[in-house]
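Notes for the one structure printed next.
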Amino acid sequence: MTATAVAYPDGKSVREACRRGEFSSPTAGLALGYIQANLVVLPKEFAFDFLLFCLRNPKPCPILEVTEAGEWETQNLAKGSDIRTDLPCYRVWENGILIDEPRKITHYWRNDLVSFLIGCSFSFENALIESNIPVRHIEQGVNVPMYKTHIPCQKAGVFGGPLVVSMRPLKPSQIVKAIEICSHFDKAHGTPIHFGAPETIGISDINKPDFGDAVTIHEGELPVFWACGVTPQAALMQAKIPFAITHKPGHMFVGDLRDKDLQK
């Protein structure tokens, strides 16, 4: 466990450090055992279309919580939290174009904004580590590699676009165990969608992720791909709605619920 991980042992400590402006890095490996979540913030006029997009694409977009318009405190994941300040880094979008990556979004906040908190694969990584399954981006202290695929999501209203996946390299014997573990985490993307042969899902260069950082794939390992909560960001780029806010990939909202609360 890294010194950073020790410094932030639970969700509250991560959120408070973000709120104080002391932490702005990816959250993989932090507060292991606590739920992490992707964030999508939209004007209320687009909220139903996005809700339908999530319901039609539950693998990349498992909904953990939806706020009332204008509300910035989560009711279930972390009481007393502030969505506007409690993530390490955000992205602000206008007409599908990224215009800012601020540390706080207080000055962007509006009373018509609805927040969606979506399950994250970081939530099952503690279970993998406890079963001696390596999580390479944590080992190497980098952000998880994420890739756009040529697999289309099911459209809903203005939203559509490609499935985005995250990747963790594993040996074939470890893949079987990882599938079994992740089958209990539907709200954190569940089981992998593909392993090996990345070109068959539209990934031309495994060493050049679209988001995050490349990791080492050792001899005898295969790349294993999970549906990823960055998928909505690809949908926002395509939909080109006037305004939206998301987390910066890998920089998650860390809640107070435990990973066991997601297990079925």
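What is the P(r) of the stretch 122-227, as percent of Cα-Cα pairs per 10 Å bin from 0?
15, 48, 32, 6, 0
With each run of n ≥ 4 DSSP H residues scored as -39500 (n - 2.57), what mean residue ellipticity at 222 nm is computed for the chain after dividing by its residue count and rounding to the nearest 500 deg cm²/dmol? Let's see the in-between values first.
On the way: 7 runs with 55 residues, N = 264.
Taken over the chain, the calculation gives -5500 deg cm²/dmol.
Express in nm, to one decimal, how much length is gained between F48 and S13 on full extension, taking 0.36 nm for each residue of separation and deducting their alpha carbon distance. Working shown, then result.
Working: separation 35, 0.36 × 35 = 12.60 nm, distance 3.30 nm.
Residue separation times 0.36 nm, minus the Cα-Cα distance, leaves 9.3 nm.
Fully extended, how many nm does the chain gain between Q75 and D261 (0.36 nm per residue separation, minus their Cα-Cα distance)? Write down the numbers at each step before the final one.
Numbers: separation 186, 0.36 × 186 = 66.96 nm, distance 1.52 nm.
Length gained between Q75 and D261: 65.4 nm.
Under a plain spin-label model, where a point goes 7 Å from the Cα along Cα-to-Cβ, how far apart in nm are E101 and E130?
According to this spin-label approximation, the distance is 3.3 nm.
Using Cα pairs closer than 8 Å and at least 6 residues apart in sequence, work out the relative contact order for the chain, in percent. All intermediate terms of the calculation are to be shown ahead of the outcome.
Working: 610 pairs, mean separation 81.9, N = 264.
Once normalised by length, the contact order is 31 percent.
Grab the Cα-Cα distance for T216 and E68, subtract it from 0.36 nm times how many residues apart they are, and report the gain in nm with one decimal.
Values: separation 148, 0.36 × 148 = 53.28 nm, distance 4.21 nm.
Using 0.36 nm per residue and subtracting the Cα-Cα distance, I get 49.1 nm.
Please flag any cysteine in the chain that has no other cysteine's Cβ under 4.7 angstrom from its own Cβ.
C18, C89, C120, C153, C182, C228
In the structure displayed, which of K208/K260; K104/K240; K177/K248; K240/K260; K79/K248 lie more than 26 Å apart, Cα to Cα?
As for pairs spanning more than 26 Å Cα to Cα, those are K208/K260; K177/K248; K240/K260.
Among G11, G29, G220, determine the one that fluctuates most according to a GNM of the chain built with springs between C-alpha atoms less than 10 Å apart.
G220
Quick check: net charge around K208, other residues with Cβ under 15 Å of its Cβ, Lys/Arg +1 and Asp/Glu -1?
Values: positive: K148; negative: E199, D205, D210, D213.
Residues close to K208 contribute a combined charge of -3.
Computed over the Cα atoms of the chain, what is the ratio Rg over Rh, Rh following Kirkwood?
Working: Rg = 17.1 Å, Rh = 18.2 Å.
Radius of gyration relative to Kirkwood radius: 0.94.
Every number here is computed from the coordinates shown, using simple stated rules; none is lab data. Note that the structure is a prediction, hence the values are computed from the model and not measured. Here the Cβ is made from the backbone with ideal geometry for all residues, glycine too, and neighbour counts use every protein chain on show.
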